[in-house]
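Take a look at the structure below.
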Amino acid sequence: MPKLKGVCIGAGYFSQFHFEAWQRLENVDIVGVYDLVKERAESVVVKYGFNKTYDDVEKMFLKERPDFVDIITPPETHLELCQLAIKHQIAIICQKPLAPTLAESTEIAKYVEKSTVRMMVHENFRFQPWHRELKKLLDQNVIGAQLHTIHLRMRMGDGWQTDAYMNRQPYFREMERLLIYETGIHFIDVFQYLMGDITQVYAKLKTLNPNIKGEDFAWVHFDFANQALGFLDANRYNENIAEDPRLTFGSVLIEGEGGSLRLYDNGNITIQPLGKQERPHKYAFLKQNFSGDCVFHTQSHFIENLISGNPFETDVTRYLRNIKVLEKVYESSEKGIPLPVD
């Protein structure tokens, strides 16, 4: 089978995980890399053995005629880059956050819908192996068909310092919206992946570290269409006792009519049927690349379905519901009331 030709735009902090994963995909050949800082793009090409760098995105599209583009740039650049990819009939995988606003995200989706171009949001948390395994167990009704609650607790401990985030993602410090916009969107997607559509939210957001602009604390209550309830208890300020808080990014408890599922911070999953002891559930995952190799799994899903023509799980139009939920979280916190998600 011939390899698909891909190009990448952006060589910031998180792009390293994309590049490493593309390097391992046997049916992909990265033929071009662009970044505003030419030296960064050049170092990527050397490190990962890609083809060449470009100093102009459209020139790269015209010269290479790629099958797809991986957009790994800040969200405020996504609309223009997606429009350019659509103009040149290039399939798109694009990092989250999709865009700064719901309106702009919807505009991207409309451009895609009016074209023949396919687009997937690079939403990688649902592709973490423990979330895939939890979904499998839920589909098997291991704790019953009627689900009661899901609770996710995250403590990153990377945001309490005076110089918080400076060593990895300093732009976090200036973001007006931080925890939900940058990280919580992952959990919104995971909740809808595991439990179904969210129909209402009630949120309380705070900023605990006075040295940053955006919120770093979130308590969010969710109602689901299947009558289950959810709770997100997250902050980046306080610390976790896990060896690697960035492995699972949190612990999860799911309760149903037949018992409970638990995900621990080390990736272990247990099952506790009603009236019985908690027992380990065996499954395999790798501690490589990022968070259980979820970037590799995300990009593999994109390539497999780009070739087969099957739908992407995080097709851009489907993904808009996550952003609608996100906007309601901020609105609920501002107004201090529960709000429905249309």
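Which residues, counting only those in segment 23-61, are surrounded by 13 or more Cβ atoms within 10 Å (Cβ to Cβ), over 17 Å from Ile71 (Cα atoms) and of a type in the set (A, V, I, L, M, F, W, C)? Scanning segment 23-61 gives a single hit, Leu25.
Being more than 18 Å from the chain's Cα centre (by Cα), of a type in the set (Phe, Trp, Tyr) and at pLDDT 95 or above is a description that does not apply to Tyr319.
Would you kindly identify the strands (runs of 3 or more DSSP E) lying entirely within segment 1-85 that contain at least 2 residues that are touching a residue at least 60 places away in the same chain (Cβ under 8 Å)?
Numbers: elements: 4-9, 28-34, 68-71.
Per the criteria, 4-9, 68-71.
Within segment 199-241, track down each residue that is among the small types (Gly, Ala, Ser), over 21 Å from Trp160 (Cα atoms) and in contact (Cβ under 8 Å) with a residue 40 or more places away in the chain. Hits for segment 199-241 are Ala203, Ala228, Gly230. Taking segment 164-212 on its own, how many of its residues are surrounded by fewer than 22 Cβ atoms within 10 Å (Cβ to Cβ), of a type in the set (D, E, K, R) and within 15 Å of Glu123 (Cβ to Cβ)? Here the count works out to 1. Test of understanding: among Asn124, Asn141, which residue is out of contact with any Pro (no Cβ under 6 Å at 6 or more places or on another chain) and at positive phi? Answer to the check: Asn141.
If you go through segment 292-324 and keep only what is surrounded by 23 or more Cβ atoms within 10 Å (Cβ to Cβ) and in a loop (DSSP other than H, G, I, E, B), you end up with Gly292, Thr314.
Could you check segment 139-237 for strands (runs of 3 or more DSSP E) lying wholly inside it with 3 or more residues that are modelled with pLDDT of 95 or more and among the charged types (D, E, K, R)? I'd like the intermediate steps shown before the answer.
Working: elements: 147-155, 198-206, 217-224, 229-235.
Qualifying strands (runs of 3 or more DSSP E): none found.
The values are calculated or read from the model by the stated rules, or taken from the named source; none is laboratory data. The model shown is predicted, which means the values in this text are computed figures rather than measured ones. No Cβ is skipped: glycine too gets one built from the backbone with ideal geometry, and neighbour counts run over all protein chains shown.
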